[in-house]
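No lab work stands behind these numbers, since they all come straight from the coordinates. Predicted model only: the values in this text are computed from it and were never measured. Please note: Cβ atoms are built from the backbone with ideal geometry, for glycine as well, and neighbour counts cover all protein chains shown.
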Amino acid sequence: LTKALELKNLPGEFKSGNQPNNREKNRYRDILPYDSTRVPLGKSKDYINASYIRIVNCGQEYFYIATQGPLLSTIDDFWQMVLENNSNVIAMITREVEGGVIKCYPYWPISLKKPLELKHFRVFLENYQILQYFIIRMFQVVEKSTGTSHSVKQLQFTKWPDHGTPASADSFIKYVRYARKSHLTGPMVVHCSAGIGRTGVFLCVDVVFCAIVKNCSFNIMDIVAQMREQRSGMIQTKEQYHFCYDIVLKVLRKLLTLD
């Protein structure tokens, strides 16, 4: 029996994501969260295509939610997840449409005057700032049933090309550092379109930057292995993996020239 229970908890199970009533909640049919690390919604532990990811480095644990870009039908679920986990930062590493393909449904109001009305939530855009590489949006999310209000900061990186990786590592370095500085509560919610490629790059680089600041050792391969145990396919391409090394080298070289 213990053997059977052990097997039950293997990371390789995708039962929830494959259930008929959950299938249409996935942006991509083949990219699903493991049952063992999926983010449950509410008391009934409802399904969303999102995974808890904990990365341990140098005795410190870094805690994230890696998720897909919401579909029109999962926006309510997305905000429920953000609020239930008390997350104050959303890092969005995609544009809404890239190369004519919808990558993520806009889950926020476009106008400062008119909130986005959802079934359970009302989302207000309080202010926004368009920078060279990313957009900062400040939201107030009101839970309709209780009237409680949450502040959430969304950071949308806008300079990742349709294919490959950003031409300028500097832009992504600034972005990741700004997200870390903005993070106050809950796991940071990070998403691209599928929630594994660019999202994986972000998590890896964030952990490494924290290690560098603390003067700690790190191993990129080990960080990626930890992520992949908790969400399948994190860091999708060889180019993305190389980009992690390029970024880290750039940061370390800069530190050397400053010394």
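Anisotropy class assigned to the stretch 5-144 is prolate, per the alpha carbon gyration tensor with a/c at or over the 1.5 cut-off and a/b larger than b/c.
In what order do Lys153, Lys214 fall by count of nearby beta-carbon atoms within 10 Å, going from fewest to most? The partial results should precede the final answer.
Numbers: Lys153 19, Lys214 13.
With the sparsest Cβ surroundings first, the list reads Lys214, Lys153.
For the chain, modelled as a GNM whose springs connect Cα atoms under 10 angstrom apart, the maximal fluctuation among Thr146, Thr199, Thr37 occurs at Thr146. Mean residue ellipticity, 222 nm, helices only, the chain: the sum of -39500 (n - 2.57) across DSSP H runs of n ≥ 4, divided by residue count and rounded to 500, is -10500 deg cm²/dmol.
The Cα center of the stretch 163-212 and the Cα center of the stretch 68-92 differ in position by 17 Å. Extension gain for Lys114 to Arg54 (0.36 nm times residue separation, less C-alpha to C-alpha distance): 17.9 nm. Modelled this way, with points 7 Å down the Cα-to-C-beta line, the labels at Arg253 and Leu72 are 4.6 nm from one another. Were the residues from Ile102 through Asn21 laid out at 0.36 nm apart, the gain over their Cα-Cα distance would be 26.9 nm. Shape class for the chain: oblate, because the ratio a/c of the largest to smallest gyration tensor axis (alpha-carbon atoms, square roots of eigenvalues) is 1.5 or more and b/c is at least a/b.
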